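Notes to accompany the following structure.
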Amino acid sequence: MNDDLLLDVRHLKAYFRSKQRTVKAVDDLSFTLKKGEILGLVGESGCGKSTTTKALLRLIGNQKNEYLEGEAFFEGEDLIKKSDKQMQTIRGNKIGFIAQNPMSSLNPVFTIGNQIAEVPQMHQRASKNKAWAIALKMLQKVGISDHESRAKQFSHQFSGGMKQRAVIAMALAGNPSLLIADEPTTALDVTIQAQILDLMVKLRDETHAGVLLITHDLGVVAEVCDRVAVMYAGKIVEQAPVDELFHHPQHPYTKGLLASVPKIGSRKKLIPISGHPPNLYEMQGGCLFQERCPFAFDRCKKTEPPLHKIAEHHHSACHLSSERMNSF
Amino acid sequence: MGKYILHRLIIAVPILIGISILTFFLIRLVPGDTVTAILGTNYDPKLAHKLRSEMGLDQPVILQYLIWIGHVFMGDLGTSSFTGQPVLSALMERLPITLELALLSLIVALIIAIPLGVLAAYKHGTGADYASGTFGMFGISVPNFWLGTLLILIFSLHLHLLPSGGYQPLSAGIGENLRSLLMPVIALGTAVAAVTMRSTRSAMLDVLNEDYIKMAKAKGASTARIIWKHGLRNALVPVMTVVGIQIGYLLGGSVIIEQVFALPGMGRLALQAISNRDYSLLQGTILFVAVTFIMINLMIDVIYGLINPRIRYK
Ligand SMILES: Nc1ncnc2c1ncn2[C@@H]1O[C@H](COP(=O)(O)OP(=O)(O)O)[C@@H](O)[C@H]1O
Ligand code: SF4
Ligand SMILES: [Mg+2]
């Protein structure tokens, strides 16, 4: 086994069941993440990105209506097989989580310092003083000035960007080897976004943690990620190193996404992908993208294209790319 | 915060004056006066006239009020026109009983209601939730005097376990003291417990859906820590407001419960004063209860501020 391998997700499925239907939010997802690597998971809203993070942290799968299947090897151990008690020692400790909405992710009645200190208190059985010292160090690390007095403040006294820094400090306080960030900059304005992304890259460089960065923003991906997985309707449709993906996109959906990203200085009109993603509960056979795909042909209706290797480190789930490979 | 408390105390003065005016004039609207009550069947117009002028009851009402409130400001609540006892000493005798009844009822109610409410929220939609919901409905709809009477029927008349009434002071031993208050506390506290439980449940249900609760879970917090630390502390913020409102109910309810269980507290004193048309005693009692009410509410506000850091005292 590869020593650098941190996370190895295989055939992950996460379904939500109700009386009328089953929503296949994540359907047969496989990807890997190396130590020190930043993997971007991109896709339109509703394609199952958050569900993927929740499944990995096992924040779903405990209710009767939530169905979880597959494997997710983290440092060689399958997260999906762990009990909730075992997960408690992993969450916040070995896996740090940065939530989508920093505005509401901090508890309003405890000080920021208290909430960060709680992490080493829970996971390292650190004393109050020791934990507080760690909290101060973390706040300093994420670039909060005047951190000693800020630690004693409450979230309503923090600005949006500072709240997200505090959330990051909380996620890093357990010194995790994997950081999962679910759209960490979506709620922030542009200048703050850039600062937070810089901070995350800097922290990755320092701690050498692997980062799973969820986003729907290809600009964010281009800026910070090493590798990208493009997700569509609960599945990964293309996976490649960032440069490769931006310069040689293979899947029609990825091409569509790239065409809809504004380029600085470009006057070309944006071409949004027409149509909507399929319902995740009444999927027909064949390629999930067929309704919106300008290149769809007979086979797309009949068989679903598997994720196919088209170059070293480059995979795509489209009949066209596999045919092109076969014709060589 | 000291400034805030001072501010609240200053605001309390006009409120108390308002209450004193209302009491003063309302009791005088009740037919009959102190003198008719004292003389009873031996009523004699001449004697009555003499007594009235001795007590100053023949003066204009406004003047009577000004004289009385003037004395109050000097710390003199007057004497009971019926027993001759100084009003203040009568109050001091009765106050501990009412306070003990009300505080015990409140504490017992909170100790039972808050964990139940939390549990109902955590297990919402299950049998435990419905059971506590039923208790909540019962507690809110059952009148306290009815519950008190029922308790006496069962535990005193049938089972002979508890005294049907009367108060045992602490000097008689804490066991005896608590025994004499057990049923009154249940009768008075049930409604408070029911209301508190319901509001804890709904506050907790809201809180458990908050992002910071999910964040606590993602941090690796145990279920117990998520509920009792991260959840409850937030849920207590709205619950405390509801508890503050309950204080008024407790003080009002104790008038009735003291009557049902023959407890010689402030409520009973006030009722006696009304039936005796004992003006100065009644005025003093009401004023005293109002002061107590305001002080307890102020205390609740201070606790509220300690729980909720978003409150800033201005
Ligand atoms: N708890 C849930 N119950 C039912 N459906 C859910 C639940 N959570 C998410 N979903 C559905 O799963 C799909 C994927 O959601 P999500 O993972 O949040 O997407 P993304 O993060 O990519 O925007 C959506 O269709 C959403 O409605
Ligand atoms: S498989 Fe067919 S429908 Fe699907 S993306 Fe490729 S060409 Fe389009
Ligand atoms: Mg999401």
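Annotations for the structure displayed:
- For region B:1-74, Kirkwood radius (reciprocal of mean inverse C-alpha pair distance, Å): 14.7 Å
- Averaging the Cα positions of each part gives two centres, and for region B:181-228 and region A:122-170 these lie 28 Å apart.
- Surface/4 estimate of mean projected area, convex hull on alpha-carbon atoms of region A:151-199, nm²: 3.8 nm²
- Per residue, the convex hull around the alpha carbon atoms of chain A comes to 153 Å³.
- Both radii come from the Cα set of region A:72-180: Rg as radius of gyration, Rh as Kirkwood radius; their ratio Rg/Rh reads 0.99.
- 5 angstrom amide H check on A:A209, placed H, neighbours 5+ away: A:G36
- Total charge dipole magnitude, chain A, about the Cα centre, Cβ charges on Lys, Arg, Asp, Glu only, Debye to nearest 20: 740 debye
- Angle between chain B longest axis and helix B:87-122 axis [Cα atoms, degrees, rounded to 10]: 20 degrees
- Hits among lysines - C-alpha to C-alpha of A:K301 under 18 Å, sequence gap 8 or more where chains match: A:K235
- Simple rule: put +1 on each Lys or Arg Cβ and -1 on each Asp or Glu Cβ in region B:110-238, find the dipole, and look at B:L161, B:L232, B:L188; the Cα lying farthest toward the positive end is B:L232.
- Per residue, the convex hull spanned by the Cα atoms of region B:71-208 measures out at 169 cubic angstrom.
- Restraint check, A:K34/A:K255; A:K130/B:K214; B:K123/B:K214; A:K81/A:K309; A:K49/A:K152; A:K64/A:K302, Cα-Cα greater than 23 Å: A:K34/A:K255; A:K130/B:K214; A:K81/A:K309; A:K49/A:K152; A:K64/A:K302
- Stretch gain in nm, segment B:Y43-B:I10, where the contour uses 0.36 nm per residue and the Cα spacing is subtracted: 7.3 nm
- Once Rg and the Kirkwood radius are both taken over the C-alpha atoms of the protein assembly as shown, their ratio Rg/Rh works out to 1.17.
- Binned Cα-Cα distances of region B:256-314, short to long, each 5 Å bin given as a whole percent: 4, 17, 17, 16, 13, 9, 9, 9, 6, 1
- Rounded to the nearest 500, the helix-only mean residue ellipticity at 222 nm of chain B stands at -25000 deg cm²/dmol, with each DSSP H run of n ≥ 4 adding -39,500 (n - 2.57).
- Extension gain, B:F25 back to B:S156 (0.36 nm per residue minus Cα-Cα distance, nm): 43.0 nm
- Cα centre as origin, Lys/Arg/Asp/Glu Cβ charges: region A:171-316 dipole, Debye: 640 debye
- Mean residue ellipticity (222 nm) of chain A, computed from DSSP H runs ≥ 4 via -39,500 (n - 2.57), nearest 500: -10000 deg cm²/dmol
- Amide proton proximity set for A:Q100, modelled H, under 5 Å, gap of 5+: A:D182
- Dipole orientation for chain B: of the candidates B:I107, B:I38, B:L26, B:I107 has the Cα lying most toward the positive pole (charges on Cβ; Lys, Arg +1; Asp, Glu -1).
- Two-decimal Rg/Rh across region A:188-245, once Rg and the Kirkwood Rh are taken from alpha-carbon atoms: 0.99
- Taking θ as phi - 60° and the Karplus parameters 6.51, -1.76 and 1.60, the scalar couplings of region B:178-189 work out to 5, 4, 6, 9, 4, 5, x, 5, 5, 4, 7, x Hz in sequence order, x denoting glycine and proline.
- Tilt relative to chain B, helix B:279-307 - C-alpha long axis, 0 to 90 degrees, to 10: 20 degrees
- Under a 5 Å amide H cut-off, with hydrogens placed 1.01 Å from N, A:A126 pairs with A:Q121 among residues at least 5 apart or on other chains.
- Dipole magnitude for region A:1-109: about 580 debye, using +1 per Lys or Arg Cβ and -1 per Asp or Glu Cβ, origin at the Cα centre.
- Taking 4.7 Å between beta carbons as the limit, the unpaired Cys residues of the protein assembly as shown are A:C47, A:C225, A:C293, A:C318.
- Averaging 1/r over each pair of different alpha-carbon atoms in region B:88-311 and inverting the result gives 19.0 Å, the Kirkwood hydrodynamic radius.
- As an equivalent ellipsoid, region A:1-62 spans semi-axes of 25, 13, 10 angstrom, where each value is the square root of five times an eigenvalue of the C-alpha gyration tensor, largest first.
- Between 0 and 90°, nearest 10: helix B:232-260 axis offset from chain B longest Cα axis: 30 degrees
- Rounded to whole numbers, the Karplus 3J(HN,Hα) couplings from phi for region A:244-253 are 4, 5, 6, 8, 10, x, 9, 6, x, 5 Hz, using 6.51 cos²θ - 1.76 cosθ + 1.60 with θ = phi - 60°, and x at Gly and Pro.
- Among A:A135, A:A181, A:A259, the residue with the largest mean-square fluctuation in a Gaussian network model of chain A, with springs joining Cα atoms closer than 10 Å, is A:A259.
- Whole-Hz Karplus values for region A:50-58 come out as 4, 4, 4, 5, 5, 5, 5, 7, 6 Hz, taken residue by residue from phi with 6.51 cos²θ - 1.76 cosθ + 1.60 and θ = phi - 60°; glycine and proline positions read x.
Quick note: the coordinates plus some simple rules give every number you see, no bench work behind them. As the structure is a prediction and not an experimental result, all values here were calculated from the model. Ideal geometry is used to build each Cβ from the backbone, glycine not excepted, and the neighbour counts take in all protein chains shown.
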